Structures are given as structure tokens and as C-alpha cells.
Amino acid sequence: MTQQTWDEVGGLLPHDEFRAASEAIVANIEQVIEGKTATVRLALAVLLAEGHLLIEDVPGVGKTKLAKALARSIDCTVRRIQFTPDLLPSDVTGVSVYNQETHDFEFRPGAVFANLVVGDEINRASPKTQSALLECMEERQVTVDGVTYQLQTPFMVIATQNPIEMEGTYPLPEAQRDRFTARIAMGYPDSNAELAMLDGHGGTDPLNELRAVSDADIVRQLIATVRQVHVADAVKQYAIDLVTATREAPDLRLGASPRATLQLLRTARAVAALEGRDYVLPDDLQALAVPVLAHRIIPTADAQLARRTTDAIVSELVHRLPLPHDRQRNPYDTRPATGNGRAPYEPRRP
Amino acid sequence: MIASRNTGAVAAAATLLAAAPLSAIFQTWTWLIQCVIAVAVVAGVAALTRLVRAPLWGQVLGMLAALLLALTWLFPSGSELLTFLPTPATIGHFADLLTGSAQDMRSYGVEVPDTDPLLFITALGVGGVAVLVDVLAVGLRRPALAGLPMLAIYSVPVAVYVDSVPPLPFVVGAAGFLWLLVTDNVDRVRRFGRRFTGDGRDVDVWEASPLASAGRRLAVVGVVVAVALPLAVPGMTGGLLDRLSGGTGNGSGTGRGAGGSSGRIDLFASLAGQLNQSEVADLVKVTTSEPNPFYLRYAVADELRPSGFQARSPSGRPANRDLPDPTERGGQGVQQVRYRATVEVTKSLSMSLMPVYAEPVRTEDLNSNWLYDPSQQVVFSNRENSRGRKYAFDYVRSTYTPAALRAARPLPADHPVRRQLTATPGPVPEVEELVKGLTQGKRTDYDRVLAIYQHFSADNGFSYRLSTASGSSGQDIVNFLINKVGYCQQYAAAMAWLVRSAGIPARVAFGFTNGSKRDGDTYTLTNLNLHAWTEVYFDGVGWVPFDATPAYGVPGSTRSAWAPDTDAPEPSTPETGATDSPTGPDSSAGPAGPDNADRDTDTGLSLGGEKPAEQAPVWPWWTAGVLALLALLAVPALRRLALRRRRAGRPDATVATAVGDDARSADGGHVMVVEADAGRARADAHAAWAELLDTMVDFKVRVDQTETPRATADRLVRDALADDTAAVGAARLLGRAEERARYARNPLTGEPLPPALRTIRGALATRADRRTRFVATVLPPSVLLRWRLALADASGRLVALTGRIRYRLLRWNPRRMLADRAAR
């Protein structure tokens, strides 16, 4: 099994085709998930950013449905793992079994050998099993019995978990959480969307009627196109500033990793491309800061006692952090151009 | 115990430091030695009594006894036991000393010589203060109160000294007091226990505590303010400002400065200051029975130092007693007539000298605080001043025929008067040469003096001008002799110098001319009538005045028979004046008499310059001031305009890019934008965006550093431009342009940014209230904010820099180095 690199497959899609392909996927998913366009687009953006998605919300808001809809919209291999307490690592990665006919051990691939892996209720498996995902998520390969197997591309893990129910669950290890590009919450639908859902889901499950509107090749092209999105130096600096701010925030015990910086920019590229731009804006980073950064950081005990969620902390950081720009562009910045990006005065927030 | 011993020593030292201002009163430093002895004995006994844990009253008694012993030893009457145990005779001696000190205080002017009574009272006072300070600072632990007795010492020179007390001794005294406070507080802090920082480390000895440094700064600022403020305020001291600015005061400041009693005030400087003043203040009103009196005089400068003529401290006897009678000196050719004069000094003249005519023989309405110096012929006081006084006196006017003066023999070379009053600071070759040339072949002193006197004539090119540099040092004299332009100061000093060089005693006298306001026998004299002239001593005759200043420059100048006006026209040559004196000057001074002098001045020789200056209209100054203020106020608005113009000032750029844009769209595909074009479009967008931000600041729309251009534009639309569609479009356009310029590969081109800016500005202006609009136009907040930020930034950098320097310097702090070594 050889890995197809993006550059090999990735013909660049012209602007219009990119738009058509991406809009088709979004529209397709929206047949199932009503009134959640932003969430759906974010999920798609994570796919185009070559990342993994963690959907976290209370039961019954459509986490699994979103994952499955996304999987079905793309014509590629999809595997689903239901994480249970007795799931073993070998169930995920695969196992070598003895073939009596050939008198040899034969590798039987696990569930991760697919383009899209839907991991349901991921926090119900023991940390041991969860750890089986570490290698494949980051390095897109699986090593079993000393043999390394490359995974297919595109490869995306969509995991769901339930934050409320703590009984019999194992919180995701820090290393695991850091591998998820974004964590999104579904949120309750508004009343119109819920009404539409009642009408639509009354008889049949629309999921069953969902047709694939895209395939792995197109997704590869989409991804290749996303990679070409321009990121200005100022935007890169802003990403670094954001991540640095989480590392220096007094409320946080653990800040975001350099991997977070990388994934933040990648996702921002994808979001920009989905919006039809060929350049990333700081607005994209601001919008993505909470989904991409909030699940990686650990608040201090004090902040936890004060019931400050990581989402709130990150969005406050975003609101406090000034945009990086040089003196010429910001007339109210009299610092030398090599300043550390801090505002000369504290911005007022209503 | 150690701490209190330490505080006791500091209290003694602080007392001595506080006594530093006394140095201004005494001529020598003997008093200091005796005070040190007295204070040391007191402090030593205090330490001893504390060592034996004597109660406070015991300490006080001990100290007083010690002071008594010390005084006995220092001022023996000869009947002591073992040279320091007092006997009743000693006490009687002390009483005598006290009485004598009162006498001395009255009769000596500052600076006083070392007399036993004065030294005794000084040692007694300082020793007493030492006792008080010790009790307050150590016994009662109230070092702040100890400042009061110290202040008492300080008040002595202030009271004695009518003029400014030099600031340095005050600084020394203040430092002593601060030292005492610091010592006490350090001791107090030590009693709390160890000092340690928050993180559990002991505070190093060298480490600066913020509180201590704040205290140090306060102390330094306090002392500096205390010294600098009185120096700067006119009329509180010698009127430093008055003298620096050459005269805007009302005359009182310099008038007091003119009181040469201290010998520290430069009479010449005050004279120049008064003459240069534009305001005219009446200083003296004098009524005399003399028909045409010579000048009213008040001071003499007879000490010639390298820096010029200076006044000596006068000394003498009370002026209300018998005064020496000059008629005893009368002789052939000397006519002496007794007259009576009444002087009223106005409130504007306040000095420790009284203007009188030479030579007074009897005074009225002056108490015994006013003394008469027979050699200087001045009336002075060490306590009182002349402000608002009225007094009368009889005086003898001596007039001389030239023959009488010629008859005077030269003083022998070793005569004390000649030795003292012909002294010049080092030979000045130019002067020596000139004097030699002038006096060659002249046989009598009078002829020599006359030759020198006549040298300062218009024929020799001398002229009068008030606006020359003042000064009477050797260099100034030479300059004057070469330039030949000056006023009474130069003429009087130069003539006195030349006469002295010729070996004849001479000095400079200060006083008033007869002025131009005459009402019968009454003359009203103003600050512009202040004058200086030369007096020459002839043996057997006395001091004879010569006024070398050109008469036309001096209103009310007078000439005498023996010193005729060298510039006067022929008919008035003083042939008649040779016979009699009172009328002689009158007739001889015809052209220079009071009225003529006035006319001279008025006919616009424009030499004095006082009158025109006085009458100059004031409104141009007001107008200029108002204009300057307006210009200053307009600076922010102008700066804003300039900024806007510069940002908008690239119209051709837009056109060019528009053309490029058209070409591209015609092509239909991706066209490489010319690099320069893109750069220009970027710069345009940035300029437009900066202008938009400034406009927002001007119209009080918040500008947020954390917002992206898009968010800013959105907020602007939401908050300020609600339903003005054109403005909404413009704001979004500007946001998009800036966003593209900053973050995209290719900037937005071909869009009309300046019109969009104008639209937004117009929309904001219509929505803003009148006040906001006014402020935005006149004092744009954006400019002010940027200046404020720049200022804050600069000061921040300065603080950081000083912090770094301080830290580096601190590395060389000896205490820290010692502490480091100890730690090693």
C-alpha cells in the first residue's frame, strides 16, 4: 500500500469548480443536518485541512449523524468504530493472524484502514485503546508487529464524545486531544430547523437516501487547492501571537502546541477557500481560535474554580490580542517595528 | 543603646551643620572651633549620662553643666578653679560678655570680626541648641521637633542679614536636619526586626527600597525647591530675576540690593538694573536749603578687586550722636556752608543705607540703629531699612577753588589712606600707559586728576550710552577706554581707576543726581536719577567729587568749579565759579542744569532710551502674544490637514491603476499586476485606512487594536453609519481594500478610495453633534492622541534607559560589592 502524496494527485481546481464541489458537499450534508451550516462548513474545512474532527456535545443533537453524513457524501471508504470499554487496540489498528493455509502470519487491517473513520463515543474506550489512534492520526501510518503500514489518503478521523456523562468514560489523553484539529459542538437546532427535522425524519431516515456527491479524488484536488491559499506574513505572525498568548495566559496551565499553530493555519486556509478567497484573513483565525485551540489547553485550578471554560478563555484572548502590523499601517502604534505585538494601551471592550 | 548613642552623635553633628549659616556673619572661622568644642562636650556628656541610664532630667542637667564648663574654659575670666570650674567671678564675666555682645551687635555690621562677646553668645546659643536637639531627638524621640531649635540658629543670619543669605549654608543645614531624620527612622525600622523581601530573602544592605528612594527624592526636591524658589521670586532676596533681566521690577528689589552694607551686593549691577528699567518710580523726595546742591549720595565703593569696585562693610557710631565736624578742615580756598535738608524715602526704596548730602553733621528722626561711617560718609544700619522713612539733617557743603586743591600736598606713600585707596589689582598696561601720558608734566595732584578728568571729554571721542555692557573690572575698563562709550558706571569707575593708578586715593560714590522734577527747593528723585561718580582724596581737604560722565546723558547733573564740564560750550567755562561755591556750580552748570538736562534728554539724543521705552505702545505685544497663542492652537489642526493632504495626495496613482485594471478585465484572465502598481495600490489602501482610523478617532468612534479591517468596517457600519447606504458601501470598500492590501496576494485596484473617505467623513460629521465636529476640526483628537502616545512612549523609553543605567551604576556600589564579598 503506497501513500499517494497530495502533490501527485492534487490537480488544482479552478475557483468555480472548487466552489461547486465544496458547495455540493455542504448542501448534501445539510439535507440531514438542518440549520447548522456553520458547523457543517467547519467540519468540511477540517477535512480539507487534512485534520481530524472531534464533535463534542450532549446526546441526541446529531453528532453521529453529522459524521455519517459527511462520510456518505464522499464516495470513499468509510469505517465506523463504536468505542466501548472492552475495545482493544488491535481492533482499531488491525492484527496479525496465523494463516494455516500459508503457514504464515497475515496482517488483517483494523478499522482505521479507511478514508474516513468515524469513532463513536470515543471517550468510552480505555486510554489503552484510545492510544492506538495516536500514531495513525498524526503520522497516517500503523505499525503492527514491527511492520509499518501506510494509511490511505484522504484520511480523517471523526470522533464524537459526550461531555456530560462522566460515568464509565475516560477523558481523552492530552496527546490524543492535541491530534484533533478542531473540536466542534453541534448545539441545539433552532425551532424552525427542529420543525423541519420533525417533518423530514418523520417517515424515513434521510441518511439512507444520501448519495455521494464527491469522491476521494475530488477531495484530494480540493485539498491541493486549499494548500495554495496565500497566507500573508502578518497573518502568520498573528497565528503565532495567538498561540503564544495561550502559552502566556495566566489562566492557563497548558497552552497550545506548535502543532496547534500549524493546524490553525491549515484550517484557516480551508475556511478561506470555502469562502471563495485565495488569501487568509485574521478574521478566519479569530473565528477558528475557539474550535481549534480550546480543546488543547488546560486551565489552571483557579480558573476552573472560577468556572471559566477554555472556550471563554480563548475568546477573551482573541478579543485582547492586537493585530500585528507595522508602524506604517497602524498610526496609533508608536513602538519600534520589532515590538512584541502588544498594544500601547489596553483596548476597551464593552 | 548603641542606636541611641548613634542618634546622639548625629544630633550633635546636625546641630553643627545647622549652624553653617553663621559663617555668613563672621569674618573668620573661630566661632566654628568654639562651637564644635561646646557641642562635642555636650554630646559626650549626653552619651555618658545615657550610659549610666540617667533619667531624662538628669541628662538635661548633665548637658547644661557640661555646656557651662565648656564656656568657662573657652571664655576664662582668669579667676576659675583649674581653668574650667566656674566661680562667681566667671558668672559676672559672662554677664559682662552678654552686655558687650548686645553692644557689639549694634555697632558692627556683617561680617563681624571675632570679638569675645560675639563668640561667647554664639557658642552659648549653639551649645544650648545642641542640648535641646539632643533632648528632642534622643530623649523624646521627636527628631522632627528638633528642627525648630535648628531653625532658630538659621534665623539669626536671616535676621541680621538684610540681604539674601547665601543658599549653600542653608543646604548644609537642611542636610543636617535630614540626616537626623534619616538616622532616627532607620533606627525605628531596625527595631521592627529584619527586613526581607517577599520571596523569603533578606534585604541586602545595598538594596534600594522604593520607600527609601522615594524619601530621598522628596528630600532632595524639598531642599532644591526651598533654595530655588526664593532665588527665582523677585523681591524675596537680592532679586535675582531683577538683576538677570535687567529690570522689570518696581525698584524695591534692587533698591535693597543697592544697600551695600553686606559688601556682597554689586552696587554697579543694581545701578545698571535701575537705569535700564522702563518703569519710573519715585524713590526719594529731598528738600534742601542749598540753592543748587551737589548729588545726594548713599554708598561708596572703595575696594578695588579684579572684578571691579566693590563696597566695604561700613562701620561707625550711631548717627544721632555727634558727628565729625568737617569745618575743622577748612582752609584757604575752601568754603564751607551749613545747610539743612529733609529727605523722604518712598516705599519703593528699601535699603539699609540712607541717602544724605555730604557731609552730615547732625541728624534728626534717626534712632540709634542708624550708624554713620565717617570715612565713607554714609549712614547705614544693620537692622533697619530706609523704606518709607522721613528724616532731616544738617550738613556742611564744602566747595573748593582749584588753587586750594593745587595747594594740597601729595600723601606720603606709606600713609594708610593712600596705601588702601590707591590699590589696584595688578597693573593693567593700557591704563598705566594712558595715565603716564596724561599726567606727564603735571606737578600737583589736582592737575593730574584734572588731566584724567578731562580725558573723558567728547573731544576725545567719549560718548554716553546706557546700553553698554556693565562691569568695572580691569578688562571692562580697558574696553571702555578703547570703545569710549558708556554711562556713569564706566565713567566713574574708569576715572577712579586711573586716578588710583596715578597714586592718588580715589573711590566711586553712588547716589542721585538732582533729577528733573524740581519744585522750589524740593527735588523728586527717581530710579532713573541714580548715578555714580568719582571722589578723590586730597590731603588736608578731604574727599572731592568729580563727575566725569557726560552731562548730556545725566538729567540733573551738576558741575563744580574744580571739575568744569569739559563738554560745555565756551561761554560757560567756569571762570566765575572759581570764586564762590554755591552759586558757582549754578552758573557754571548752565547748559547741564536741571532744565537743560531735561531738554537735552527730550530733544532726542536717544541715549537714555528710558522714556521712549516707557511710552512704547503695548498693543503690538498683546497682538503678537494672541497671534502666537492662536498659531500654537492651530498646530494640531494644521498637522491633521497636512496628514490628510499627504494621504490623499496621489490622484494619478488611482488613474494609473484604473487603467491597468481595465486592461486586465479586457484580457479576461489572470494578469500579472505590475509590481510597482501593486505596491502603489497597497500604499493607497494603507493611507486611506489610516485616514479612516484618524477620522474615526476624530469623531469619537472607537478604534480597536484587536479588530481586523473587516470587523472595524462592520462595526463602523453598525454603530455610526446605520442606514446611509453610500457611506456603508464606502466603509466596506475601505475595509476590503485594506484587507486585500494587507493579506492578499494582489491588492484591490481601481477603486475610488478618496471619495469613499470623503463620504464617510461627511456621514460621520452629519451624525456627530456640534461640539464633536468643532473638536474634530480645531483640535483633532487623532493628532493629540498620537502625540500623547509618542510622549508616553518616549518617557517610557527614558525610564527604561535610566533604569538600565542605574542598574549598571549600582553594580559599582561599594556597599553592594562588600555584600557580595561577604556572601562569597
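The values are calculated or read from the model by the stated rules, or taken from the named source; none is laboratory data. This structure is a prediction, so every number in the text was calculated from the model and none was measured. Here Cβ is always computed from backbone atoms with ideal geometry, including for glycine, and neighbour counts include all displayed protein chains.
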- prompt: Which of (1) assigned by TED's automatic domain parsing to the domain that holds A:K63; (2) over 28 Å from A:A270 (Cβ atoms); (3) not in a strand (DSSP E or B) does A:T148 not meet, given it meets every other one?
  reply: (3)
message: Which count do you get for residues in the range B:374-383 that are part of a strand (DSSP E or B) and not small (G, A, S)?
response: 3
- line: For B:A469, the lone unmet condition from (1) of a type in the set (A, V, I, L, M); (2) more than 21 Å from B:F309 (Cα to Cα); (3) at pLDDT below 80 is (2)
task: Among what's in the range A:66-86 and is surrounded by fewer than 20 Cβ atoms within 10 Å (Cβ to Cβ) and in contact (Cβ under 8 Å) with a residue 40 or more places away in the chain, pick the residue that is nearest to A:I218 (Cα to Cα).
output: A:D75
message: under 24 Å from A:E30 (Cβ atoms), of a type in the set (D, E) and surrounded by 13 or more Cβ atoms within 10 Å (Cβ to Cβ): is that true of A:D190 in this structure?
response: no
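On the given criteria, is A:A294 more than 14 Å from chain B (Cβ to nearest Cβ) and at pLDDT 90 or above?
Numbers: more than 14 Å from chain B (Cβ to nearest Cβ): yes; at pLDDT 90 or above: yes.
Against the criterion (more than 14 Å from chain B (Cβ to nearest Cβ) and at pLDDT 90 or above), A:A294 qualifies.
How many of the residues in the range B:692-710 are within 9 Å of another protein chain (Cβ to nearest Cβ) and either closer than 16 Å to B:V783 by Cβ or touching an Asp or Glu at 6+ places or on another chain (Cβ under 6 Å) (or both)?
Looking only at the range B:692-710, we keep the residues that are within 9 Å of another protein chain (Cβ to nearest Cβ), and these are B:693-694, B:697, B:702-710.
With either closer than 16 Å to B:V783 by Cβ or touching an Asp or Glu at 6+ places or on another chain (Cβ under 6 Å) (or both) added as a condition, the list becomes B:693-694, B:697, B:703, B:708-710.
Number of matching residues: 7.
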query: Right, A:E56: charged (D, E, K, R), touching a Pro at 6+ places or on another chain (Cβ under 7 Å), outside the structural domain of A:D278 (by TED's automatic domain parsing) and at pLDDT 85 or above or not?
result: yes
- request: Could you figure out which of (1) in the same structural domain as B:K700 (by TED's automatic domain parsing); (2) part of a helix (DSSP H, G or I); (3) out of contact with any Leu (no Cβ under 7 Å at 6 or more places or on another chain); (4) of a type outside the set (D, E) isn't true of B:R736?
  value: (3)
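To keep it simple, each residue is scored yes or no on (1) in a helix (DSSP H, G or I); (2) within 29 Å of A:S131 (Cα to Cα); (3) outside the structural domain of A:I298 (by TED's automatic domain parsing).
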{"residue": "A:M186", "(1), (2), (3)": "no, yes, yes"}
{"residue": "A:D199", "(1), (2), (3)": "yes, no, yes"}
{"residue": "A:G203", "(1), (2), (3)": "no, no, yes"}
{"residue": "A:N208", "(1), (2), (3)": "yes, no, yes"}
{"residue": "A:R220", "(1), (2), (3)": "yes, yes, yes"}
{"residue": "A:I223", "(1), (2), (3)": "yes, yes, yes"}
- prompt: When only residues in the range B:475-517 that are more than 16 Å from B:R465 (Cβ to Cβ) and charged (D, E, K, R) count, which is modelled with the lowest pLDDT?
  reply: B:K517
query: Taking the stated definitions as given, is B:A54 small (G, A, S), within 29 Å of B:V172 (Cα to Cα) and out of contact with any Lys or Arg (no Cβ under 7 Å at 6 or more places or on another chain)?
result: no
task: State whether the residues of the range B:780-797 include one that is away from chain A (no Cβ under 14 Å), on the phi < 0 side of the Ramachandran plot and either surrounded by 12 or more Cβ atoms within 10 Å (Cβ to Cβ) or outside any loop (DSSP other than H, G, I, E, B) (or both).
output: no
- prompt: For the range B:711-725, which residues satisfy the criterion of being surrounded by fewer than 23 Cβ atoms within 10 Å (Cβ to Cβ) and within 12 Å of chain A (Cβ to nearest Cβ)?
  reply: B:A711, B:D714, B:R715, B:D719
